[in-house]
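Right, one structure below, let's go through it.
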Amino acid sequence: MDLTGQLLQLLFTGFTLGGIYALIALALVTTFNITGVLNMAQGEFLALGALLAASLCAAGASLPLAFVIAVATLALLGGLLERSAIHPARHAPGLILIIITIGLSISLRGLALLIWGTEPASLPAFSGGGPLFVMGAAVNPQSLWILGLVALAVAGLHAFFELTYAGKVFRACEINRTGARLVGINPAALSFLAFAGSGALGAAAGIFIAPVTLATYDMGFLLGVKGCVAAIIGGLNSVGGAVLGGLLLGILEAFGAGLVSSGLKDALSLLVLLGVLLGRPEGLIGAVAGRKV
Amino acid sequence: MLEIIGLQVNHGWVRALRDLSLHIHKGEMVAVIGANGAGKSTLLGALAGLYKPAGGRILLNGRSVTGKPAEYMVRQGISLVPERREIFNSLTVLDNLLLGAYHHYRALKDAVREDVKRVLELFPALRGRERDPAGTLSGGLQQMLAIGRGLMARPSLLLLDEPSSGLAPLVVREIMAALADLKQTGMTIVLVEQNTAAALKVTDRALVMERGRIVLSGCSDEMISNARVQQAYLGRVRAARPAAVL
Ligand SMILES: Nc1ncnc2c1ncn2[C@@H]1O[C@H](COP(=O)(O)OP(=O)(O)OP(=O)(O)O)[C@@H](O)[C@H]1O
Ligand SMILES: [Mg+2]
C-alpha cells in the first residue's frame, strides 16, 4: 500500500472510532443540557445494550428483534436509574451528581460481569461481504453503518429540538428553568426522559459497534471517558460540537496510533482533555458547575 | 377567590414574609407597593409555587394549594409574569407564546392559535416579530412577550412583578393600558410596582408591604391622597419620573 493509501486507511479508521465517540458524546451533551448531569455511565449503556443483543441473538432472535428489545430495555433502565439515583439527589451540587453517575457506571459494570462474565460476545456484521476498497484503503462496511447511525442521530435530534413542540419544551427548560416551570413544565419529568433517551441511544450505539469491537462487560469504561473528552472538546453545549469533537478525537487517535505508536492511542485522548482543560478551564468549569437538575 | 392566611416564607435565614394575610376577590385588580426588599416578589413567587411556604395557608377558590409546585399552580389558573421576565431568549416570539400554553397545548390546539392572535391584538408592537428570537427584542417588547406568555396559560389570576421596570414612560403607558384592558375582561390581577403612581391609576385596591407584612391597604384612589403613601412612595416617584406617567 502506498503512503496515500496508508493515510487514507488511518483516516477511515479514525472516522470509525470518531463515529463511536460521537455517538456517546451526543448522548452526553443532550442529557447534560437538559439535566445538568454529565452522565459517566453512558459507556455502560453501550456495553449492556451490545451484550444483551448478543445474548438475544445467540438465543435465536433475529438481529432487528434483538436490537428493538435491547434498545427498549436500556431506555427503561436509563429512566429507572434516573428515578432511583439522580432524581433523589437533584438538588445536590453538580459534582455530587457526576460522582453518582460514576457510581452507577461501576455498579453497572459489576452487574454486566455477573451476568455475562469476561468472555467477549460478538454480533454479526449488519451487511455481509468483505471490505470495500477506496484507493487501496479498506473500509469496513460496518463503519459505514456506524457513521450512518451518527448521521441519523444528529438529524433526529436536530429535527426533534428544532421542529417539534416537545423538542422546544426541552429547549425551554434548558434555556430558562424558572420560565419553564412557570408555564407548567416539570423539569424532573424531562430529566427522566433524557436518561431514557440516553439509554436507548447508548444501546443502539453499542449494537452498531459490537461487530467491530466485540462486546465485553468492561467496554463501556474507556468509551465513556473518550465520549466525555469528545463532548468537552465540542464545548458541551451543542450537538454539532459533540460530533466534531468525536470525529476529531477518533482521527487524532488513529493517526497517533498509526504514525507514532499504538501505545499512544488511549493516552492521546487524555492528553487532549488536559490540553482543553488547561486551554479554556473557565469555559468548562463554568459549564459543569453552572447548571443543576 | 384567593385567600392567604398567615403566610410565612423564608429565604435561608431571611424571613421574607411574616404572617401575611390577604384576601383577593374575583375580578379585582390589586396593586402591591413597597420598598426594595419588602417581600413583594416573594409573595408573588409563593403564590406561583416558586417558593415553599414555611407556614400559613393559600386557598384558591376555597381549596388549599399551599406548598404546591409551580407546574401545579399554573394548571390551577395562577400565572406569574416574573420580575426578570424569564423568557426563552433563543426561541422565537411565537414559540415563547406557544410554550406559555404548555399545560393545555394538546387539548386546545385551535384555541391556542386564537390566543396567540389575541395576544398580538393586545400588544400590536409584537406583530411582525413572531419569527424573531425573543432575546433580540427590546426591553419593552420582551416585557410584552412575558405578559403575553403568561396570558397564554389562560389564567384566572394573573400576577405581574414590576412590568414597568426599566422601561420608557411611553412603553409603560402602553403596558398599563393593556393591563386595564385585561381587567375589563374580568381577569383577577395582582400588580407589584415600583412605579406607584402608574399602579394606583389602573388598580382598584392597593396594599403597602413593609418587611414581609402588609402595613396599609385601601382603595387605590384614596391611596393617591394618603399622606403616608405620598411621602414614602409617590414623592419619590414624582421626583424621579415626569408627570407624563400620571
Ligand atoms: N433567592 C433569595 N435568596 C435569599 N434571599 C432572598 C432571595 N430572594 C429574596 N431574598 C430576600 O428576601 C427579602 C424579600 O425580597 P423580595 O425580592 O421579595 O423583595 P421585593 O419587595 O420584591 O424587592 P424589590 O423591590 O427589590 O424587587 C429581601 O430581604 C431579599 O434580600
Ligand atoms: Mg421584587
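Figures for the structure shown
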quantity: Shape category assigned to the protein assembly as shown from the gyration tensor of Cα positions, a/c cut at 1.5; calculated: prolate
quantity: Under-5 Å amide H pairs with B:ALA31, H placed in peptide plane, nonlocal only; calculated: B:LEU191, B:ASP204, B:ARG205, B:ALA206, B:LEU207
quantity: CD proxy at 222 nm, helix term only [per DSSP H run n ≥ 4: -39500 (n - 2.57); per residue of chain A; nearest 500]; calculated: -25000 deg cm²/dmol
quantity: At least 15 Å along the helix axis (C-alpha) and Kyte average at least 0.0, DSSP helices within chain B; calculated: B:139-152, B:169-184
quantity: Distance-filtered residues of segment B:44-76 - backbone nitrogen under 11 Å, label point 7 angstrom along B:VAL215 Cα→Cβ; calculated: none
quantity: Helical segments meeting 18 Å axial Cα length and Kyte-Doolittle -1.0 threshold in chain A (DSSP H); calculated: A:3-35, A:42-58, A:63-81, A:94-116, A:141-163, A:187-213, A:219-233, A:239-255, A:264-279
quantity: For segment A:14-85: rounded, prolate or oblate by the Cα gyration tensor [a/c cutoff 1.5]; calculated: oblate
quantity: Nitroxide proxy distance, nm - points 7 Å out along Cα→Cβ at A:ALA89 and B:ALA111; calculated: 4.3 nm
quantity: Centroid-to-centroid separation of segment B:158-189 and segment A:118-179 [C-alpha atoms, Å]; calculated: 49 Å
quantity: Prolate/oblate/rounded call for chain B, Cα gyration tensor, a/c under 1.5 rounded; calculated: oblate
quantity: Cβ neighbours within 10 Å from other chains - mean over B:72-79; calculated: 2
quantity: Cβ charges +1 (Lys, Arg) and -1 (Asp, Glu), total dipole of the protein assembly as shown, debye; calculated: 1560 debye
quantity: Sorted peptide list for A:37-48, B:83-94, A:201-212, A:10-21, criterion being average Cβ within 10 angstrom, highest first; calculated: A:37-48, A:201-212, A:10-21, B:83-94
quantity: Net dipole in debye of segment A:3-289 [+1 Lys, Arg Cβ; -1 Asp, Glu Cβ; about Cα centre; nearest 20]; calculated: 500 debye
quantity: Positive-end extreme of charge dipole, the protein assembly as shown - chosen from B:ALA70, B:LEU91, A:ALA200 (charges on Cβ); calculated: B:ALA70
quantity: For B:88-97, mean number of other protein chain Cβ atoms within 10 Å; calculated: 4
quantity: Mean-position separation - Cα centroids, segment A:204-276 and segment B:67-143, in angstrom; calculated: 41 Å
quantity: For A:CYS173, A:CYS57, order by how many other beta-carbon atoms lie within 10 Å, fewest first; calculated: A:CYS57, A:CYS173
quantity: Within chain B, helix-based [θ] at 222 nm, where runs of 4 or more DSSP H residues each add -39,500 (n - 2.57), nearest 500; calculated: -10000 deg cm²/dmol
quantity: Within a Gaussian network of chain A (alpha carbon springs, distance under 10 Å), most fluctuating of A:PHE126, A:PHE255, A:PHE192; calculated: A:PHE126
quantity: Flagged links, alpha-carbon separation over 21 Å, of B:LYS109/B:LYS183; A:LYS168/B:LYS109; B:LYS52/B:LYS109; B:LYS117/B:LYS201; A:LYS226/A:LYS265; B:LYS40/B:LYS201; calculated: B:LYS109/B:LYS183; B:LYS52/B:LYS109; B:LYS117/B:LYS201
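Readers should treat all values here as calculations from the given coordinates under stated rules, not as data from a laboratory. This is a predicted model, so every value here is computed, not measured. Glycine also receives a Cβ, built like all others from the backbone with ideal geometry; neighbour counts cover every protein chain displayed.
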